[in-house]
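Q: This structure is in structure tokens; I'll ask about it shortly.
Quick note: the coordinates plus some simple rules give every number you see, no bench work behind them. Quick caveat: nothing in here was measured; it's all calculated off a predicted structure. Glycine gets a Cβ as well: all are built from the backbone with ideal geometry, and neighbour counts include every protein chain shown.
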Amino acid sequence: MIIAGVDETGRGSIAGPVISAVVVWIPPGFFVKESKSLKPEEREKLYPYILENAVDWSVGIAEADEVDALNIKEATLLSMKRAVDKIKHPINILIVDGCDLIKDIQTMQIATPKGDLLNPVVAAASIIAKVTRDRIMTDLSAEFPIYRWYANKGYATNYHLKVIREYGLSKHHRKSFIHEK
């Protein structure tokens, strides 16, 4: 039986894409922790290990304008579907982190709230998604240095909100997430 896990990152961010990753992997003898419980350098160390040892893996992206057009839930499921659609290795079961199943895929799915804490394959997917998104936000920070996305990764820090009030939004901001008073 071939099992894959899918997880996302960036749902609560006010800028940048939602990134999902799928990993088809036979986990090692130790339990891989989910991405949020690891320091960035620990995630970076596990990232190549997971990629080198995965049977298959992929990443799906939903951009900020898609989040605005669809809503965060639908954009997240879209990024997950895009990731699953890229998997070439056949899988029997897909463990989806969260409460929702992905629409329009043929693979049997199990929605698992906190799946990244419970299943090492989903935890591995969370690491791939998080490292990928962090790298994207760091790259975007070079184009838009004022927002300091290299540090806040697009989340609503006090500094980030202050800069938005002073300089406005970029094309990478989720307009539907910004509520000025």
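Q: Please work out if VAL121 is surrounded by 15 or more Cβ atoms within 10 Å (Cβ to Cβ) and out of contact with any strand residue (DSSP E or B) (no Cβ under 7 Å at 6 or more places or on another chain).
A: The answer is no for VAL121.
Q: All but one of (1) more than 16 Å from LYS130 (Cα to Cα); (2) buried (at least 19 other Cβ atoms within 10 Å of the Cβ) hold for ALA69; which doesn't?
A: Condition not satisfied by ALA69: (2).
Q: Within the range 133-175, which residues are buried (at least 16 other Cβ atoms within 10 Å of the Cβ), touching a helix residue (DSSP H, G or I) at 6+ places or on another chain (Cβ under 6 Å) and in contact (Cβ under 8 Å) with a residue 40 or more places away in the chain?
A: Answer for the range 133-175, where residues must be buried (at least 16 other Cβ atoms within 10 Å of the Cβ), touching a helix residue (DSSP H, G or I) at 6+ places or on another chain (Cβ under 6 Å) and in contact (Cβ under 8 Å) with a residue 40 or more places away in the chain: MET137, LEU140, TYR147, TRP149, LYS153, GLY154, HIS160, HIS172, ARG174.
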